[in-house]
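**Q** Following this message is one structure expressed as structure tokens.
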4 protein chains.
Amino acid sequence: MLNDYNEGQSNLQKKLEEIVEGPVFSGIIQFLILAAAVTFVLETEEAFDEYKIYFDIVDWVFLVLFSAEYILRIYVAPVKKEFIFSFFGIIDLLAILPSLVLIPGFRVLRVLRFLRIFRIFKATRFILAVDRMIEALSGVKRELLALVILSALFVYLAACGIWYFERFEQPEAFGSIPDAMWWAIVTLTTIGYGDVYPETAGGKIFTAVVALVGVGLIAIPSGLLASVLTEARVEEDEKDEEEDEK
Amino acid sequence: MLNDYNEGQSNLQKKLEEIVEGPVFSGIIQFLILAAAVTFVLETEEAFDEYKIYFDIVDWVFLVLFSAEYILRIYVAPVKKEFIFSFFGIIDLLAILPSLVLIPGFRVLRVLRFLRIFRIFKATRFILAVDRMIEALSGVKRELLALVILSALFVYLAACGIWYFERFEQPEAFGSIPDAMWWAIVTLTTIGYGDVYPETAGGKIFTAVVALVGVGLIAIPSGLLASVLTEARVEEDEKDEEEDEK
Amino acid sequence: MLNDYNEGQSNLQKKLEEIVEGPVFSGIIQFLILAAAVTFVLETEEAFDEYKIYFDIVDWVFLVLFSAEYILRIYVAPVKKEFIFSFFGIIDLLAILPSLVLIPGFRVLRVLRFLRIFRIFKATRFILAVDRMIEALSGVKRELLALVILSALFVYLAACGIWYFERFEQPEAFGSIPDAMWWAIVTLTTIGYGDVYPETAGGKIFTAVVALVGVGLIAIPSGLLASVLTEARVEEDEKDEEEDEK
Amino acid sequence: MLNDYNEGQSNLQKKLEEIVEGPVFSGIIQFLILAAAVTFVLETEEAFDEYKIYFDIVDWVFLVLFSAEYILRIYVAPVKKEFIFSFFGIIDLLAILPSLVLIPGFRVLRVLRFLRIFRIFKATRFILAVDRMIEALSGVKRELLALVILSALFVYLAACGIWYFERFEQPEAFGSIPDAMWWAIVTLTTIGYGDVYPETAGGKIFTAVVALVGVGLIAIPSGLLASVLTEARVEEDEKDEEEDEK
């Protein structure tokens with residue numbers, strides 16, 4: 001952590017930075033992040049409505065602690081601007097902002113606190129694995145983009161088709177193409193809630209054709225990513241072996 | 001763009017062709033295509049029913065613009081026939097035809113305008129990626145065809161089986177094999193709307209066996225395509241590396 | 001077609017065998033097989049109930065034709081036994097048997113006629129592709145068997161678990177483990193009809209865990225087959241290239 | 001089976017150990033395990049309620065037999081502790097414990113008997129295949145862990161999002177984030193029972209985006225395992241070939 005920037009830091013800042021970057025402080029923050037995520041979930045549970053006052057207190061405690069941490073991190077940062085506009089700097093701000101601003105309905109954005117969860121993974125093997133995955137994916141980004149465009153076209157055409165067949169029979173479910181798009185996505189991802197489905201013979205035949213083709217089309221990207229991740233691992237293993245041989 | 005055909009073109013045609021093939025004209029057409037696709041979707045929305053008159057006007061504007069473009073493209077084409085029967089020539093005609101013909105119910109074919117969307121991708125990396133994907137797929141076309149035939153057989157036999165078990169219990173849903181085929185497709189693609197499902201013990205046991213085998217069978221082509229696309233990328237990467245080494 | 005067996009054939013048999021194995025006869029039989037399959041489907045459609053008499057006549061025509069073909073094939077076979085107990089000999093018999101036997105409910109087995117569909121593919125690229133696929137699969141048969149056993153165990157344990165959580169809440173849907181197995185299969189294949197689903201908190205948490213693990217487990221065999229088919233194609237291509245180089 | 005431990009065994013122990021480890025005893029135990037599993041399933045079937053007394057007797061017989069086997073195995077074990085705390089030692093105890101303890105509701109744990117099913121596979125090719133699969137998987141354990149964490153984050157965020165959009169419209173289904181998590185899991189695994197689904201426009205658009213991304217994300221691990229198993233097989237085959245060449 002000793003680099004050129006540190007020259008502009010006072011002794012106090014240097015000592016505090018060591019603490020902030022140290023394992024104890026990091027562990028406490030990780031615990032607070034998880035606790036805030038769990039509290040947010042429990043707070044929505046009707047069974048705990050009578051404890052609302054306690055949840056509000058806990059919320060304020062989290063706000064104070066996260067705000068203090070944010071100010072501390074700015075204080076110890078050798079270059080303030082760099083921290084404020086860094087990935088974690090923005091996330092840390094987003095995590096406290098919703099509780100500060102008093103616009104009604106805005107508080108729900110406390111869910112953004114959850115983004116701080118990435119702090120937990122900072123400098124861990126998880127980030128390493130994700131980095132390697134993103135690198136592997138970048139090798140098939142043209143194929144992925146093409147598949148995404150084809151899938152979007154397919155959803156559009158499926159929605160237009162089913163709208164044509166079902167609009168008079170089921171005007172409440174297929175009365176417009178945006179409505180039909182809801183059906184198209186629920187069908188082609190194979191979720192199939194059963195809230196909307198074709199009832200005319202034409203609509204059913206159209207669905208049969210569209211489903212057999214589209215379900216396969218939309219499943220390809222996922223399989224592609226799986227294959228690429230395996231390839232990446234194999235190549236890496238081979239590199240390791242070559243290095244071992246040297 | 002200067003080839004033998006151009007000899008038959010007048011100076012005006014040559015100048016216009018340059019404009020038509022240029023980036024500005026192309027950009028305007030791409031915007032119009034997307035605008036027409038969005039308009040078509042919005043027009044079906046009940047909430048916009050009161051603006052129907054405006055949508056009709058916009059429709060006519062699109063018709064005039066696309067027709068003008070079509071005539072212009074024929075005019076500048078060195079060999080008229082070649083353009084008219086080319087892929088994009090036919091699509092351009094299909095995009096204006098439905099609005100011209102006044103047969104009721106025929107106007108819905110304006111959805112064909114959407115085919116013009118492919119113009120947007122013309123000469124872009126998207127077409128390149130799709131081309132490479134089609135090439136990769138052609139290597140497993142025998143396997144794909146075999147899997148499609150096997151899946152079709154499976155759907156047929158599944159429909160016959162469930163019809164046998166459920167036809168008396170649920171005559172409205174499984175009264176005939178075509179009805180049962182609707183069930184077979186919704187089940188084997190794992191959509192499972194829940195509008196039709198077996199209720200007899202025999203039908204449920206039959207479904208259990210059919211689902212465990214058939215769901216896997218029908219998912220294979222998708223995984224096959226994903227694997228082949230990855231293989232194609234790996235081979236291509238290796239070629240690139242070999243060329244780099246030279 | 002001239003081999004040792006033929007010595008025991010009369011001239012008539014030899015001439016008839018040539019016709020039976022020829023493309024014209026083969027084409028007619030293929031048409032009849034498809035026609036019988038389509039007729040079987042249409043016959044079950046209520047809309048055609050008034051034409052039942054015609055369907056019965058057509059059924060009898062098919063029976064006579066297929067029976068004649070069967071007898072003819074036995075007649076021309078150099079070694080009768082060999083044909084009768086061959087794959088296609090048994091299928092040809094199964095195709096006519098259900099119509100001959102007059103046990104009620106037995107006629108539904110006319111669906112077996114459909115097995116004759118394999119005659120259509122005889123000596124075609126389809127059989128070749130299927131053969132190659134079966135060969136590729138035999139290389140992972142141990143993995144497939146292990147996955148099938150693991151999946152069966154998983155379905156059993158999932159059924160026991162959900163039965164434990166839901167049996168008192170929903171006795172009609174989860175009253176016994178066989179009932180719960182229906183749920184387990186519909187859930188783990190991700191069909192999810194929605195006819196049965198957990199309603200207790202315990203059952204939902206159990207389902208969440210079971211679904212996340214089990215859905216992945218049951219999808220593995222399908223992906224495995226897809227990967228293996230690709231590998232088989234790659235190896236074959238490499239062999240072809242090596243042979244080309246020689 | 002003759003090793004240092006055996007020195008502490010009496011002649012009777014040695015003889016009994018030979019029997020216990022022999023194929024006849026093993027076969028009987030395997031039959032009893034399967035019989036116990038089937039009995040457990042049938043016992044829950046309402047149709048057999050009148051035979052409850054017989055099932056109780058059979059249960060006691062299984063208990064006596066499995067207890068006797070457990071005691072016998074301890075007796076013949078050269079080092080008692082080693083057997084008792086071994087994988088199969090613990091499973092054997094778990095299989096008899098639930099029937100011994102008389103706490104009500106505890107008997108359901110007889111399902112644990114099913115764990116004894118692994119005894120059936122002991123020292124068979126199944127265990128070998130599973131071992132090889134686990135080894136192959138350990139090579140992608142970092143990727144798997146990263147995908148599991150990402151999926152968990154995705155489920156959490158999807159639940160928070162849908163709760164925000166639907167909580168006022170459908171308080172009984174989306175009233176709290178834990179409730180919304182049930183929806184998130186049923187949707188992202190594509191089960192889609194249809195018991196809960198979004199009804200607001202915002203909720204549907206959110207679901208469309210979440211489903212298209214999340215369904216793909218959650219399907220990746222399964223495809224990854226399939227690919228890795230294939231790679232492992234290919235590598236193994238190559239090793240075999242290399243050994244053949246030597």
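The values are calculated or read from the model by the stated rules, or taken from the named source; none is laboratory data. Owing to the predicted nature of the structure, the values given are computational and were not obtained by experimental measurement. When we count neighbours, we look across all protein chains shown, and the Cβ atoms used for this are built from the backbone with ideal geometry, even at glycine. Side chains included, ligands, DNA and RNA excluded: accessible areas come from the protein's heavy atoms. Shrake-Rupley method; radii C 1.70, N 1.55, O 1.52, S 1.80 Å.
**Q** Taking R0 as 25 Å, what's the FRET efficiency between D:Arg125 and D:Ile28 from their Cβ-Cβ distance, rounded to 0.05?
**A** Computed FRET efficiency for D:Arg125 and D:Ile28 comes out at 0.70.
**Q** In addition: For the pairs D:Lys14/D:Lys52; A:Lys80/A:Lys141; B:Lys239/D:Lys239; A:Lys81/D:Lys204; A:Lys141/D:Lys239, note any where the Cα-Cα span goes beyond 32 Å.
**A** Beyond 32 Å between Cα atoms: D:Lys14/D:Lys52; A:Lys80/A:Lys141; A:Lys81/D:Lys204; A:Lys141/D:Lys239.
**Q** Where the eigenvalues come from the Cα gyration tensor of region D:135-239, what are the semi-axes √(5λ) of the equivalent ellipsoid, largest first, in whole Å?
**A** Working through the eigenvalues yields semi-axes of 36, 12, 10 Å.
**Q** Now for a separate question. Just want to confirm a number: the relative contact order over chain C, from Cα pairs under 8 angstrom separated by 6+ residues, in percent.
**A** 14 percent
**Q** Whole-Hz Karplus ³J(HN,Hα) for region A:199-206, in order, using 6.51 cos²θ - 1.76 cosθ + 1.60 and θ = phi - 60°, x for Gly and Pro?
**A** Rounded to whole hertz, the list is 10, 7, 4, x, x, 5, 5, 4.
**Q** Using alpha carbons only, how many degrees (0 to 90, rounded to 10) separate the axis of helix C:23-43 from the longest principal axis of chain C?
**A** Computed tilt is about 40 degrees.
**Q** Short version: which residues of region C:196-210 lose at least 40 Å² of accessible area, all chains versus chain alone, 1.4 Å probe?
**A** Going by heavy-atom accessible area, the residues of region C:196-210 that drop by at least 40 Å² are C:Tyr197, C:Lys204.
**Q** Which is the longest part of chain A that has none of the chymotrypsin sites (Phe, Trp or Tyr not before Pro) sitting in a DSSP loop with at most 16 other Cβ atoms within 10 Å?
**A** Segment A:1-84 is the longest.
**Q** What is the calculated FRET efficiency for A:Leu137 to A:Glu82, with r their C-beta to C-beta distance and R₀ = 25 Å, to the nearest 0.05?
**A** Numbers: r = 28 Å, r/R0 = 1.14.
Result of the calculation: an efficiency of 0.30.
**Q** Turning to a different aspect of this structure: What number, rounded to the nearest 500 deg cm²/dmol, is the helix-based mean residue ellipticity at 222 nm of chain A, given -39500 (n - 2.57) per DSSP H run of at least four residues and division by all its residues?
**A** Here the helix-only value at 222 nm equals -24500 deg cm²/dmol.
**Q** What gaps in nm, shortest first, separate C:Gln9 from its twins in the other copies when you place the label 7 Å past Cα toward the beta carbon?
**A** 6.6, 6.7, 9.4
**Q** Then there's this: Per residue, what accessible area does the protein assembly as shown have, given a 1.4 Å probe and all protein chains present, in Å²? Working shown, then result.
**A** Numbers: 51680 Å² over 984 residues.
Averaged over the residues of the protein assembly as shown, the accessible area is 53 Å².
**Q** What are the ³J(HN,Hα) couplings of region C:134-151, residue after residue, when phi is run through the Karplus curve with 6.51, -1.76, 1.60 and θ = phi - 60°? Round to Hz, x for glycine and proline.
**A** Whole-Hz 3J(HN,Hα) from phi for region C:134-151: 4, 4, 4, 5, 4, x, 10, 5, 5, 4, 4, 4, 4, 5, 5, 5, 4, 5.
**Q** Follow-up. Could you give the Stokes-Einstein D for the protein assembly as shown in µm² per second, using the C-alpha Kirkwood radius, 20 °C, 1.002 mPa s?
**A** 64 µm²/s
**Q** Using protein heavy atoms only (no ligands, DNA or RNA), what is the total accessible area buried between D and C, 1.4 Å probe, nearest 100 Å²?
**A** Details: alone 16370 and 16390 Å², together 29290 Å².
Approximately 3500 Å² gets buried when D meets C.
**Q** Let me ask another. Apply the Karplus curve 6.51 cos²θ - 1.76 cosθ + 1.60, θ = phi - 60°, to the phi angles in region C:178-191 and return the couplings in whole Hz, x for Gly and Pro.
**A** x, 4, 5, 5, 4, 4, 4, 6, 5, 7, 6, 7, 6, 5
**Q** Treating chain D as a set of equal point scatterers at the Cα positions, no solvent, please give the Debye-formula log₁₀ I(q)/I(0) at q = 0.09 Å⁻¹.
**A** Treating every Cα as an identical point scatterer, log10 I(q)/I(0) equals -0.72.
**Q** I'd like the carbon and sulfur percentage of the solvent accessible area for chain C, probe radius 1.4 Å, heavy atoms only, ligands and nucleic acids excluded.
**A** Answer for chain C: carbon and sulfur cover 67 percent of the accessible area.
**Q** List the residues of region C:155-186 that lose 30 Å² or more of accessible area once all protein chains are present, compared with their chain alone (1.4 Å probe, heavy atoms only, no ligands or nucleic acids).
**A** Buried by the other chains: C:Tyr156, C:Leu157, C:Trp163, C:Tyr164, C:Ser176, C:Ile177, C:Pro178, C:Trp182, C:Ile185.
**Q** Next question. Compute the long axis of helix A:52-76 from its Cα atoms, compare it with the longest principal axis of the Cα atoms of chain A, and write down the angle in degrees, 0 to 90, nearest 10.
**A** Taking the Cα atoms of chain A, the angle to A:52-76 is about 60 degrees.
**Q** So which residues in region C:217-233 end up with at least 30 square angstrom less accessible surface once the other protein chains are there, compared with the chain by itself, probe 1.4 angstrom?
**A** SASA drop of 30 Å² or more in region C:217-233: C:Ile220, C:Ser222, C:Leu224, C:Ala226, C:Ser227, C:Leu229, C:Thr230, C:Glu231, C:Arg233.
**Q** Hey, another quick one. To the nearest 10 degrees, how steeply does helix A:11-21 sit against the main Cα axis of chain A, on a 0 to 90 scale?
**A** For A:11-21 against chain A, the angle is about 40 degrees.
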